[in-house]
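Every number here is computed from the coordinates shown, using simple stated rules; none is lab data. It should be emphasised that the depicted structure is a prediction, and the values quoted were computed from it without experimental measurement. Cβ sites come from the backbone with ideal geometry, for glycine too, and all protein chains shown count toward neighbours.
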């Protein structure tokens, strides 16, 4: 618990320490668009990475328990990984739309 609180306070402190005055013409809407785009792709990459790890872990455990179905498990795993990667690409598309569509 203490480690999480320390990490959260460090993240908040760096944001305050590195804060700058907004550039001429910059608006809150523009700043929130950049923040939203960064969060969209960052959280998507985090989530899909965890999902891919669990998919590969399950496939490896299944192959270790029953080696005769390893080929079929691997095929299903690759299809699942393609679907998981598609989610990351959708998040990238949303981030690009947030950045370039005014």
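The figures follow:
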{"item": "Residue 90 paired with residue 29, simple spin-label distance in nm, labels 7 Å along Cα-to-beta-carbon", "result": "2.7"}
{"item": "Modelled FRET efficiency - R0 30 Å, residue 54 with residue 99, Cβ distances, 0.05 increments", "result": "0.50"}
